[in-house]
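Q: Structure below; questions to follow.
The values are calculated or read from the model by the stated rules, or taken from the named source; none is laboratory data. Only a predicted model underlies this, so the values are computations on that prediction, with no experimental measurement involved. We place every Cβ from the backbone using ideal geometry, glycine too, and count neighbours over all the protein chains shown. Accessible surface areas use protein heavy atoms only, side chains included; no ligands, DNA or RNA. Shrake-Rupley method; radii C 1.70, N 1.55, O 1.52, S 1.80 Å.
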Amino acid sequence: MTALNLASPDLLRTLLRAGLPTAGGLSINAAHQGVDSYFVGQLGPEALAAVSLALPLTGLTAAIGVGLGIGTAAAAGRALGAGRKQEAARLASAAMALCLLLAALSAAALWLARLPLLDVLGATGAVREPALQYISILTLSAGLGMVQILCDFTAIGSGHARFSLFSLIFCFTLNMALDPLLIFTVGLGVRGAALATVLAQIATLALYGWYFTSSRTPLRLRPRLSGSALARLWPVLRIGLPEAASVLGASLAFLLLYRLAGEHEGTAGQAAMGIALRLWVLATLPVEGFCLGAQAVLAYAAGANNTARFARAALTTAAIAAATASLFLLTGLLAAPQISALFTLDPAVQSLAEPALAAFALSLPATALRHAAQVSLQATARARDAALLGLAPLGWLFLPLLFTTAGFWGFAGLAPALSLAALLTGLAAVLILLRLPHATLKGLPA
């Protein structure tokens, strides 16, 4: 698989070749979550609620992987655009060394804290035991997932989005083959779902180990944790840390939504919120993936100080993302009952999941515009602006709205709070995108 020419004059084709594989990859990741929920849902609402409660925990470690990944892709892309191939490889190697250390520490910390975390998540009654079984194994998956995320972004940032897509297809296929085998045939239940994820991740990381030590990539990794290696990471961290904070904020927001859902509607509320949130993630990840893939083109243009190409690429990315999200919006509004019925036959869960799903769907176009604006800011090393925008829809703007709507309408007010925060953030994103033709590119930071 040859690297994509990020400077190709055919901009639309370049964006599609960069963005579609990444969109496909994250779609596969989202589909995995959906299929996983389908299998677990056959064990009953308690099992589905238990697995849904673990989603924020994986998000905590994913925040580190996403932060390092987006920072590495943006910094390495600008370095490649400026003709500094060796510097790009050194940045990626240093990021991988730090990620390996943090992955081991995070997995150990989550396993040691698994019992207190169940209390924080609100896992009580019949949900607690399956939640403990699932989380005890998933702590290892959280560390492995962190490293896999960085591998994906590093491949994307160097123009090898197709290999990232191939690796995710491989991981998804293996995971889905193992799910019914371990859950039902072997009889492991929710533990089987967690173990299937771990085994698929180990196999995928072995594939990436071969890839990053071969001659197929311009960013051959030599991870070594040293003072000099860490000193090189500032260009990565100045972009990655705000993004990590954004993902962490989303994970905490999900945790809060699950907890409030349980307080208002018990196990049925937690299961319904799990269905609605997983489907919202299923719709947003492909759009986010396209924007993240397009970021390689944006960062390369920024590194080359080509303002006109950068602005055209950003606006084209936003248009494609918003159009795709609008199709998902219509699907969510028109088919909410049919979609929710795929995951549960419990009438109480269905009655709660359907309006939540429809409310979440309203946020999709605005969320797409936010992703397009955010990757544009990251590509030009505007870390502070990217952080403010990224933390709004599930952070500083969302929380006051959530407590207000939940106070008035209980469970029915949870999903509308997220949608309203996303819509307001989308308006800010539009203003940012409209100003891009007049932006000053920073190029590669010192």
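Q: Need a quick list: helices (runs of 4 or more DSSP H) entirely within the stretch 90-185 having at least 2 residues that are in contact (Cβ under 8 Å) with a residue 60 or more places away in the chain and in contact with a His (Cβ under 8 Å, 6 or more places away or on another chain).
A: Details: elements: 114-121, 128-157, 161-180.
Counting at least 2 such residues, we get 161-180.
Q: Still on this structure, please answer the following. Looking at the stretch 100-153, which of its residues are at pLDDT below 90 and among the β-branched types (V, I, T)?
A: V120, T124, V127
Q: Condition check: open to solvent by less than 20 Å² (accessible area, probe 1.4 Å), part of a helix (DSSP H, G or I), at pLDDT 90 or above and of a type in the set (F, W, Y). Does Y258 satisfy that? First the steps, then the outcome.
A: On the way: open to solvent by less than 20 Å² (accessible area, probe 1.4 Å): yes; part of a helix (DSSP H, G or I): yes; at pLDDT 90 or above: no; of a type in the set (F, W, Y): yes.
Spelling it out, it is not the case that Y258 is open to solvent by less than 20 Å² (accessible area, probe 1.4 Å), part of a helix (DSSP H, G or I), at pLDDT 90 or above and of a type in the set (F, W, Y).
Q: For R382, only one of the following conditions fails: (1) touching a residue at least 60 places away in the same chain (Cβ under 8 Å); (2) over 30 Å from A82 (Cβ atoms). What is its number?
A: Failed condition: (2).
Q: Ok, one more. Does the stretch 290-304 contain any residue that is part of a helix (DSSP H, G or I), surrounded by fewer than 22 Cβ atoms within 10 Å (Cβ to Cβ), in contact (Cβ under 8 Å) with a residue 60 or more places away in the chain and not aliphatic (A, V, I, L, M)? Give the derivation first.
A: We begin by selecting, within the stretch 290-304, every residue part of a helix (DSSP H, G or I); these are 290-303.
Then keep just the ones that are surrounded by fewer than 22 Cβ atoms within 10 Å (Cβ to Cβ); that gives none.
No, the stretch 290-304 has no match at all.
Q: Against the definition (closer than 23 Å to F290 by Cα, of a type in the set (A, V, I, L, M), open to solvent by 60 Å² or more (accessible area, probe 1.4 Å) and part of a helix (DSSP H, G or I)), how does L241 come out, yes or no?
A: Working: closer than 23 Å to F290 by Cα: yes; of a type in the set (A, V, I, L, M): yes; open to solvent by 60 Å² or more (accessible area, probe 1.4 Å): yes; part of a helix (DSSP H, G or I): yes.
So L241 fits the description; yes.
Q: Can you tell me which condition T316 does not meet? The list is (1) crowded, with 20+ Cβ neighbours inside 10 Å; (2) modelled with pLDDT of 90 or more; (3) within 23 Å of the chain's Cα centre (by Cα), and all the others hold.
A: For T316, the exception is condition (1).
Q: Any residue that is open to solvent by 10 Å² or more (accessible area, probe 1.4 Å), at positive phi and out of contact with any Lys or Arg (no Cβ under 8 Å at 6 or more places or on another chain) - is there at least one of those in the stretch 6-13?
A: Checked against the condition, which is being open to solvent by 10 Å² or more (accessible area, probe 1.4 Å), at positive phi and out of contact with any Lys or Arg (no Cβ under 8 Å at 6 or more places or on another chain), the stretch 6-13 yields no hits at all.
Q: Does the stretch 188-236 hold any residues that are outside any loop (DSSP other than H, G, I, E, B), of a type in the set (A, V, I, L, M, F, W, C) and open to solvent by 70 Å² or more (accessible area, probe 1.4 Å), and which are they?
A: Our first condition is that a residue be outside any loop (DSSP other than H, G, I, E, B); within the stretch 188-236, this holds for 190-212, 227-231, 234-236.
Keeping just the survivors that are of a type in the set (A, V, I, L, M, F, W, C) gives 190, 193-196, 198-200, 202-203, 205-207, 210, 212, 229-231, 234, 236.
Within the stretch 188-236, L199, I202, W210, L230, A231, W234 meet the criteria.
Q: Within the stretch 373-396, how many residues turn out to be surrounded by fewer than 24 Cβ atoms within 10 Å (Cβ to Cβ) and either in contact with a Ser or Thr (Cβ under 6 Å, 6 or more places away or on another chain) or within 30 Å of A47 (Cα to Cα) (or both)?
A: Counting residues in the stretch 373-396 that are surrounded by fewer than 24 Cβ atoms within 10 Å (Cβ to Cβ) and either in contact with a Ser or Thr (Cβ under 6 Å, 6 or more places away or on another chain) or within 30 Å of A47 (Cα to Cα) (or both) gives 3.
Q: Just checking, which of L342, L279 is within 20 Å of the chain's Cα centre (by Cα), under 25 Å from Y258 (Cα atoms) and open to solvent by 10 Å² or more (accessible area, probe 1.4 Å)? Steps first, please.
A: On the way: L342 fails: within 20 Å of the chain's Cα centre (by Cα).
Of the residues listed, the single one that is within 20 Å of the chain's Cα centre (by Cα), under 25 Å from Y258 (Cα atoms) and open to solvent by 10 Å² or more (accessible area, probe 1.4 Å) is L279.
Q: Please indicate, with yes or no, whether at least one residue in the stretch 362-372 is open to solvent by less than 40 Å² (accessible area, probe 1.4 Å), under 30 Å from Q42 (Cβ atoms) and either within 22 Å of the chain's Cα centre (by Cα) or among the β-branched types (V, I, T) (or both).
A: yes
Q: In the stretch 34-47, how many residues are open to solvent by less than 30 Å² (accessible area, probe 1.4 Å), modelled with pLDDT under 85 and out of contact with any Phe, Trp or Tyr (no Cβ under 6 Å at 6 or more places or on another chain)? Outline the logic, then answer.
A: Quick first cut of the stretch 34-47, residues open to solvent by less than 30 Å² (accessible area, probe 1.4 Å) only: 34, 36-37, 40-41, 44, 47.
With modelled with pLDDT under 85 added as a condition, the list becomes 34, 36-37, 41.
Add one more test, that the residue is out of contact with any Phe, Trp or Tyr (no Cβ under 6 Å at 6 or more places or on another chain), and what stays is 34, 36.
Residues that pass the stated criteria total 2.
Q: Oh, and also: If I filter the stretch 74-82 for residues that are open to solvent by 30 Å² or more (accessible area, probe 1.4 Å), out of contact with any strand residue (DSSP E or B) (no Cβ under 9 Å at 6 or more places or on another chain), without any contact (Cβ under 8 Å) to a residue 12 or more places away in the chain and of a type in the set (A, V, I, L, M), do I get at least one hit?
A: Within the stretch 74-82, not a single residue is open to solvent by 30 Å² or more (accessible area, probe 1.4 Å), out of contact with any strand residue (DSSP E or B) (no Cβ under 9 Å at 6 or more places or on another chain), without any contact (Cβ under 8 Å) to a residue 12 or more places away in the chain and of a type in the set (A, V, I, L, M).
Q: From A359, A335, which residue is in contact with a helix residue (DSSP H, G or I) (Cβ under 6 Å, 6 or more places away or on another chain), open to solvent by 10 Å² or more (accessible area, probe 1.4 Å) and closer than 26 Å to S419 by Cβ? Talk me through it step by step, then tell me what you get.
A: On the way: A335 fails: in contact with a helix residue (DSSP H, G or I) (Cβ under 6 Å, 6 or more places away or on another chain).
After applying the criteria, what remains is A359.
Q: Evaluate the stretch 20-30: report whether one residue or more is among the β-branched types (V, I, T) and either touching a residue at least 24 places away in the same chain (Cβ under 8 Å) or open to solvent by less than 20 Å² (accessible area, probe 1.4 Å) (or both). Talk me through it step by step, then tell me what you get.
A: Residues of the stretch 20-30 that are among the β-branched types (V, I, T), as a first pass: 22, 28.
Filter once more, keeping what is either touching a residue at least 24 places away in the same chain (Cβ under 8 Å) or open to solvent by less than 20 Å² (accessible area, probe 1.4 Å) (or both): 22, 28.
Among the residues of the stretch 20-30, at least one is among the β-branched types (V, I, T) and either touching a residue at least 24 places away in the same chain (Cβ under 8 Å) or open to solvent by less than 20 Å² (accessible area, probe 1.4 Å) (or both), which makes the answer yes.
Q: Exactly one condition in (1) in contact with a helix residue (DSSP H, G or I) (Cβ under 7 Å, 6 or more places away or on another chain); (2) at pLDDT 90 or above is not met by Q378; state its number.
A: Just one mismatch for Q378, condition (2).
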